[in-house]
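Here the structure is laid out as structure tokens; the discussion comes afterwards.
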Amino acid sequence: MKSYAPHDRYVAPAKESADLGRLIIGFALIEAAYFVSQRAFSLLLILIGETVGPSDLKPSYEFGDTALGLLLQLFSFGFLGLAVLAIVWIQHNRSGWTIFGDRTGFGHTLFWSALACFAVFAALEFLPPFYSYDGGELQLGRMILLPLSLVAILVQTGAEEMLYRGYLQQQFAARFQSPVIWMVAPNVLFAIAHLDLSGDPILSLQYVAWTFVFGLACSDLTARTGSLAAAMGFHFANNAYVFLFWAEEFTPDSGLALLLFPEWDGAAAPEAVPLIDLIFLSDLALPLVLWLAVRLAIRR
């Protein structure tokens, strides 16, 4: 595909170590290193809590329901990014910089990709259905943390892009020419990583499907540009909207929300949600709209 010509240059550094066995081992080592680093970090937080006295530092880190806890959780994805860089260097004998692809205008592309997505999110707030913001309280203290929050989200989303659209997409594409493989396989793994077995099974499956479509959009942008910049901006803007715009008090990942609503008491439990309905289909269309906005912004 002519539109994917930059992807050939993006994949080229991975071709010298494109065997599938090395990829499987590399992915397993990355996951293992990330798991161990996360557990070690949790133990460190427990130790700090015991040293300074009674502390909810570890629970808030795990649930992200306080500003400090969610910041620590997001920054901890740096361990994932470091694991990817280490495996690329040790297992595949190439520079970690090759994960990012063409670095010409990288920041420019990332910025305009994110800005295009933010424009879509802003437009959605002025389109029906209109939601009431009654009861929501603006968290002025969290506004002071906004620059740090944005950096933390960039670390989290950047690390995920390095693994799924960077390492995995490059290695699969170096081994298999078909986009059906190098686009689908990394994003199946990306979607599975977001599976929540503790929640409602229907909602969890919907989220997995949504994440898969979102990942495909990131893969397409990476292939069209030959770099991670557009996908990182796309992913960053989405997660910034999710983490920073609004949330319910005391719920997971609510620690940085600028608009906080009282926790829903669950008095009127909703009816069972069908696997596919109009609401889900409209949600599924969002990544496609964002993808189109990014393509228009970067002209690819």
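Derivation of every value follows stated rules applied to the coordinates shown; laboratory data play no part. Keep in mind the model is a prediction, meaning the values are calculated, not measured. Cβ: placed from backbone, ideal geometry, glycine included. Neighbour counts: every protein chain shown.
List the longest stretch of the chain that has no exposed loop site; here a site is one of the GluC sites (Glu not before Pro) assigned by DSSP to anything other than H, G, I, E or B, with at most 15 other Cβ within 10 Å. The answer is 1-124. Structure remark: mean-square fluctuation, Gaussian network model of the chain, C-alpha springs under 10 Å; the largest value among 65, 220, 196 belongs to 196. Normalised by the number of residues in the stretch 151-223, the average gap of Cα pairs under 8 Å and 6 or more apart makes the relative contact order 29 percent. Taking the Cβ of residue 173 as the centre, find all other residues whose Cβ is under 14 Å away and add up their charges (Lys, Arg: +1; Asp, Glu: -1). Net charge around residue 173: +1. The radius of gyration of the Cα set in the stretch 1-87, together with its Dmax, comes out at 18.7, 61 angstrom.
Ellipsoid semi-axes for the stretch 66-209, based on the Cα gyration tensor and the rule √(5λ), read 31, 21, 18 Å when sorted largest first. Near residue 112, once Lys and Arg are set to +1 and Asp and Glu to -1 for all other residues with Cβ below 12 Å from its Cβ, the sum equals +3.
Mean residue ellipticity, 222 nm, helices only, the chain: the sum of -39500 (n - 2.57) across DSSP H runs of n ≥ 4, divided by residue count and rounded to 500, is -21000 deg cm²/dmol.
Any chance you could give the angle, 0 to 90 degrees and rounded to 10, that helix 106-124 forms with the longest Cα principal axis of the chain? Helix 106-124 and the main axis of the chain meet at about 40 degrees. Panel note: the C-alpha atoms of the stretch 105-190, placed on their principal axes, show extents of 53, 31, 26 Å (largest first). With viscosity 1.567 mPa s and temperature 4 °C, the Kirkwood radius over alpha carbon pairs of the stretch 61-150 converts through Stokes-Einstein to a diffusion coefficient of 76 µm²/s. Here the chain is treated as a sphere whose radius is the Kirkwood value from Cα pairs; by Stokes-Einstein at 10 °C and 1.306 mPa s it diffuses with a coefficient of 78 µm²/s.
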